[in-house]
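J.: Handing you this structure, nothing more for now.
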Amino acid sequence: MLLLHVFIRVVNIFLVILVAYKYHMKIEKDIGIWEQLLTPQECHALIQHYETLSSMNLSFSRQTLKDALFHKKADNAIFMLDQDCLKVTPDQSVIIDFLKKFWYCYEDYTEKYSVLKEAGKHRIHSMKLQKTLPGEGYHVWHFESDSSERSSRICAWSVFLNTVETGGETEFLYQQLRIPATQGTLAIWPAGFTHTHRGNPPLSGEKYLLTGWIEF
């Protein structure tokens, strides 16, 4: 029995080391970044998932939602956890596969910022598959917990599903940092005002993004 417990412990340690090696995190100014988290095949599957749902009229522009004028915000998005999306695409394997990797990364992030481990129960309540055409984008500086309705947000996150050669970065104002739109890269950052940011317009082609929040 003792040998079995030792074996299980060794296996668990090995798995932790394997995960840490496979999903290497780098921290830049309190922003966690994982490069090549998703394979090109996984990114392509998520893009195809967006296009399939969009062909069913399940995508919405910010102007349709009366979210903002075009010169401030412009893109099309699908709210992945809405019931309409779940009903028409019961096979959510592409999302589930991503979330498995995501939670490994978030666990890594909370090792660095361990106070998050003591926070109240939190999870992903909402996430969006988003398509941004050249010249579109989230042009205004903003932070994610900027109102009472959004005050439950702890962190925001995004993963780029394709590489944009020119433009398309997520730019952070006070950190003086731009995260390039590189396929498979995941970023997690605090939702508060210290990490005011914007989504720069893609200039060389369209941009696909999966994005959401960790909330109480």
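Here, each number is a calculation from the coordinates, and none is a lab measurement. Remember, predicted model here, so these are calculated numbers, not experimental data. Virtual Cβ from ideal backbone geometry, glycine too; neighbours counted across all protein chains shown.
J.: Return 143, 216 ranked ascending by Cβ neighbour count within 10 Å, so the fewest neighbours appear first.
T.: Ranking 143, 216 by Cβ neighbours within 10 Å, fewest first, gives 216, 143.
J.: Subtracting the Cα-Cα distance from 0.36 nm times the residue separation, let me have the gained length for residue 69 to residue 54 in nm, one decimal.
T.: 3.2 nm
J.: Pairs of alpha-carbon atoms within less than 8 angstrom and 6+ residues apart define the contacts here; what relative contact order does the chain have, in percent?
T.: Details: 400 pairs, mean separation 55.0, N = 216.
Reported as a whole number, the value is 25 percent.
J.: Over the alpha-carbon set of region 26-215, divide Rg by the Kirkwood Rh and report the Rg/Rh ratio to two decimals.
T.: Result for region 26-215 is an Rg/Rh of 0.93.
J.: Which of the trypsin sites (Lys or Arg not before Pro) across region 92-125 are loop residues per DSSP, with 12 or fewer other Cβ within 10 Å?
T.: Of the trypsin sites (Lys or Arg not before Pro), the ones in loops of region 92-125 whose Cβ has at most 12 other Cβ atoms within 10 Å are 121.
J.: Find the centroid of the Cα atoms in region 151-192 and in region 85-144, then give the distance between the two in whole Å.
T.: 12
J.: While we're on this one: Once you put a point 7 Å from the Cα of residue 36 and another 7 Å from the Cα of residue 113, both along the Cβ direction, what distance in nm separates them?
T.: Each label point lies 7 Å from its Cα, and together they span 2.6 nm.
J.: Moving on. When the helices in the chain are scored as -39500 (n - 2.57) per DSSP H run of 4 or longer and the sum is shared across all residues, what 222 nm value do you end up with, to the nearest 500 deg cm²/dmol? Each step should come with its number before you reach the end.
T.: Working: 4 runs with 63 residues, N = 216.
That comes out to -9500 deg cm²/dmol.
J.: If each residue's Cβ is checked for other Cβ atoms within 10 Å, how do 189, 141 rank with the fewest at the top?
T.: 141, 189
J.: Using just the alpha carbons, could you tell me how many Å³ per residue the convex hull of region 112-176 encloses?
T.: Measuring per residue, one finds 158 Å³ for the Cα hull of region 112-176.
J.: As I understand it, the value is the acute angle between the Cα axis of helix 93-112 and the longest principal axis of the Cα atoms of the chain; what does it come to in degrees, rounded to 10?
T.: 70
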